[in-house]
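First up is the structure itself, then whatever we jot down about it.
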Amino acid sequence: MKTTLSIIKADVGSIGGHVAPSKKLLGTIREHVEDAMTSLLSDYYITSTGDDIAILMAHDKGPGHVDVHRMAWEAFKDGALTAKAQGLYGAGQDLLVDAFSGNVKGMGPAVAELEFDERPNEPFLMFMADKTEPGAYNLPLYMAFADPMNTAGLLLSPELTKGFRFRIMDVGYTEGDRVIDLELPEDLYNLAALLRDNDRYVVEAIFARHDGEQAVAASTTRLHNIAGRYTGKDDPVLLVRTQKNFPASGEVLAPYSVAPFVNGYMRGSHVGPFMPVVSGTGCSYFDGPPIVSCLGFCVHNGRFTEPVDMFAHPFWDTVRDRAATKAMEIRRQGFSGAAMLPFSELEYGGITNLLEKLDRRFKVRAEKGANELVGV
Ligand code: 13P
Ligand code: 13P
Ligand code: MG
Ligand code: MG
């Protein structure tokens with residue numbers, strides 16, 4: 001019997017701005033999912049990072065199953081009612097359509113799902129991020145699955161030396177799912193050329209070439225492509241199976257020590273360092289910084305162990321301090337240059353209106369180099 005892991009994640013309201021969900025909101029969602037336990041799920045775990053809530057589920061229905069997706073959608077709908085009743089900010093923010101239509105993909109919530117035959121021991125990591133876009137995982141996944149400078153297993157483990165297949169999605173293409181498979185290590189430079197561009201190309205899945213098993217599933221939702229305007233940031237989730245035929249948990253975590261600059265900070269329009277935090281951490285400085293949490297589990301016969309919070313270890317305090325310094329450094333330059341996203345990625349219409357008005361005030365000189373302006 002195959003086990004499916006599904007994470008469905010949404011922001012349906014938060015306390016104090018885009019900061020953190022209320023206990024009551026989490027309670028509403030938990031109650032709803034608990035009711036589904038007997039009929040639908042073999043296990044579940046609910047957690048939050050920033051203002052986003054993730055429902056992690058184990059079941060045997062396979063990815064994209066209508067009943068699992070409908071249940072999660074309704075749980076978030078119920079949550080949005082609680083958020084509204086409590087006067088939470090952004091109540092129902094990520095529920096972009098009125099009626100459920102078979103699968104929450106394309107409806108606002110982020111989804112990551114993996115189906116596999118359980119190994120005798122099946123460790124996996126669940127990542128959640130806030131104030132960023134799916135491409136934030138590009139660099140950590142590249143380092144963990146393609147770079148022997150990070151992952152010693154790519155040299156030391158007979159299974160890992162066979163390499164990995166990366167499935168990359170072009171999230172700029174909105175007519176459908178445009179994907180490409182790249183074979184590592186042969187395609188190393190091709191992979192780097194795509195993953196350089198976090199806005200456009202995003203890791204969707206990774207498979208071990210040794211046995212074809214899927215190691216990674218990531219959410220690829222870009223909300224502004226669904227809504228056609230800024231409604232909130234994507235805040236992606238990620239599932240990674242680890243150990244044996246996959247990188248070790250520690251190899252998957254190591255790249256987060258870089259605290260790389262990612263997009264999505266304040267109003268979804270700024271660049272900030274990706275700070276590893278303990279699960280349940282809210283946002284603060286300039287609505288951020290962008291944060292990532294990681295819980296480690298084992299799943300056995302469809303049941304989870306309790307989680308271990310991977311970024312609670314004292315090692316990450318130093319990384320957090322460095323990320324805070326990086327955040328303050330880049331904020332010193334305000335809107336200027338690399339601190340704010342390029343025009344194509346700016347998430348608010350305000351600047352478009354402003355520039356349109358200014359455009360009308362531009363004049364072209366009659367002669368190059370002359371001082372007079374045409375029409376003055
Ligand atoms: P253990 O011997 O503790 O299982 O560790 C093996 C390993 O590969 C750790 O990275
Ligand atoms: P969220 O997407 O996390 O709600 O953040 C929105 C925002 O604009 C914060 O500045
Ligand atoms: Mg929000
Ligand atoms: Mg959020």
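The values are calculated or read from the model by the stated rules, or taken from the named source; none is laboratory data. Predicted, not measured: the structure shown is a model, and the values here were computed from it. Every residue, glycine among them, receives a Cβ derived from its backbone with ideal geometry; neighbour counts consider all protein chains shown. Note: accessible area is taken over every heavy atom of the protein model, side chains too, but ligands, DNA and RNA are not part of it. Shrake-Rupley method; radii C 1.70, N 1.55, O 1.52, S 1.80 Å.
So, in region 230-250, how many residues would count as being more than 16 Å from ligand 1 (Cβ to nearest atom) and either part of a strand (DSSP E or B) or polar (S, T, N, Q) (or both)? Final tally of qualifying residues: 4. Residue under question is VAL278, and the condition is that it be part of a loop (DSSP other than H, G, I, E, B), within 20 Å of PHE127 (Cα to Cα) and more than 16 Å from ligand 4 (Cβ to nearest atom); does it hold? For VAL278, the condition - part of a loop (DSSP other than H, G, I, E, B), within 20 Å of PHE127 (Cα to Cα) and more than 16 Å from ligand 4 (Cβ to nearest atom) - is met.
Kindly check whether there is at least one residue in region 299-320 that is closer than 30 Å to SER42 by Cβ, of a type in the set (Phe, Trp, Tyr) and not in a loop (DSSP other than H, G, I, E, B).
Filtering region 299-320 for residues closer than 30 Å to SER42 by Cβ gives 299-313.
Checking the rest, the ones that are also of a type in the set (Phe, Trp, Tyr) come to 304, 311.
Add one more test, that the residue is not in a loop (DSSP other than H, G, I, E, B), and what stays is 304, 311.
Yes, region 299-320 contains at least one residue that is closer than 30 Å to SER42 by Cβ, of a type in the set (Phe, Trp, Tyr) and not in a loop (DSSP other than H, G, I, E, B).
Evaluate region 45-64: report whether one residue or more is in contact (Cβ under 8 Å) with a residue 40 or more places away in the chain, of a type in the set (S, T, N, Q) and away from ligand 2 (no atom under 16 Å from the Cβ). Write out each step before concluding.
Filtering region 45-64 down to residues in contact (Cβ under 8 Å) with a residue 40 or more places away in the chain leaves 45, 47-64.
Those still in the list that are of a type in the set (S, T, N, Q) too: 47-49.
Okay, now just the ones that are also away from ligand 2 (no atom under 16 Å from the Cβ), so none.
Checked region 45-64: no residue is in contact (Cβ under 8 Å) with a residue 40 or more places away in the chain, of a type in the set (S, T, N, Q) and away from ligand 2 (no atom under 16 Å from the Cβ).
Looking across region 62-100, just one residue is part of a loop (DSSP other than H, G, I, E, B) and aromatic (Phe, Trp, Tyr), and that is PHE100.
Among the strands (runs of 3 or more DSSP E) confined to region 101-178, there are none with at least 2 residues that are without any contact (Cβ under 8 Å) to a residue 60 or more places away in the chain, of a type in the set (Phe, Trp, Tyr) and open to solvent by 50 Å² or more (accessible area, probe 1.4 Å). Please specify each residue of region 224-249 satisfying the condition of being surrounded by fewer than 24 Cβ atoms within 10 Å (Cβ to Cβ), on the phi < 0 side of the Ramachandran plot and not hydroxyl-bearing (Ser, Thr, Tyr). Hits for region 224-249 are HIS224, ASN225, ILE226, ALA227, ARG229, LEU239, ASN245, ALA248.
LEU295 fulfils the conditions (1) open to solvent by less than 90 Å² (accessible area, probe 1.4 Å); (2) more than 23 Å from ASP234 (Cβ to Cβ) except for a single criterion, (2). Looking only at residues in region 251-292 that are within 14 Å of ligand 3 (Cβ to nearest atom) and open to solvent by 20 Å² or more (accessible area, probe 1.4 Å), the one that is farthest from the chain's Cα centre (by Cα) is SER284.
Among the β-branched types (Val, Ile, Thr), open to solvent by 30 Å² or more (accessible area, probe 1.4 Å) and in contact with a helix residue (DSSP H, G or I) (Cβ under 9 Å, 6 or more places away or on another chain): is that true of ILE15 in this structure? Here the answer is yes, as ILE15 does meet what is asked. With respect to the conditions (1) among the charged types (D, E, K, R); (2) crowded, with 24+ Cβ neighbours inside 10 Å; (3) at pLDDT 95 or above, ASP211 lacks only one, and its number is (2). Scanning region 214-223 for residues that are open to solvent by 10 Å² or more (accessible area, probe 1.4 Å) and either of a type in the set (Ser, Thr, Tyr) or free of Cβ contacts under 8 Å to residues at least 12 places away in the same chain (or both) turns up THR220, THR221.
For region 47-98, how many residues meet the condition of being of a type in the set (A, V, I, L, M), open to solvent by less than 20 Å² (accessible area, probe 1.4 Å) and more than 16 Å from ligand 4 (Cβ to nearest atom)?
Qualifying residue count, region 47-98: 7.
Results for (1) touching a Lys or Arg at 6+ places or on another chain (Cβ under 8 Å); (2) among the aliphatic types (A, V, I, L, M), shown as yes or no for each residue.
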{"residue": "MET310", "(1), (2)": "no, yes"}
{"residue": "VAL319", "(1), (2)": "no, yes"}
{"residue": "ALA323", "(1), (2)": "no, yes"}
{"residue": "MET328", "(1), (2)": "no, yes"}
{"residue": "PHE335", "(1), (2)": "no, no"}
{"residue": "GLY349", "(1), (2)": "yes, no"}
{"residue": "LYS357", "(1), (2)": "no, no"}
{"residue": "ARG360", "(1), (2)": "no, no"}
{"residue": "LYS363", "(1), (2)": "no, no"}
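Output the residue which, of all residues in region 179-201 that are more than 30 Å from PHE343 (Cβ to Cβ) and free of Cβ contacts under 8 Å to residues at least 40 places away in the same chain, is most open to solvent (accessible area, probe 1.4 Å). Only one residue tops the list, namely GLU186. Checking each residue in region 23-41 for being surrounded by fewer than 17 Cβ atoms within 10 Å (Cβ to Cβ) and assigned to a loop (DSSP other than H, G, I, E, B) picks out MET37, THR38, SER39.
Being basic (Lys, Arg), within 16 Å of ligand 2 (Cβ to nearest atom) and part of a helix (DSSP H, G or I), is that true of even one residue in region 263-274? Can you show your working first?
As a first pass, look at region 263-274 and keep what is basic (Lys, Arg): 267.
In the following step, the residues that additionally are within 16 Å of ligand 2 (Cβ to nearest atom) were identified as 267.
Filter once more, keeping what is part of a helix (DSSP H, G or I): 267.
Yes.
Matching residues to (1) among the hydroxyl-bearing types (Ser, Thr, Tyr); (2) at positive phi; (3) touching a residue at least 12 places away in the same chain (Cβ under 8 Å):
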position	(1), (2), (3)
CYS283	no, no, yes
PRO290	no, no, yes
CYS298	no, no, yes
THR305	yes, no, no
ARG322	no, no, yes
GLN333	no, no, no
MET340	no, no, yes
LEU346	no, no, yes
ILE351	no, no, no
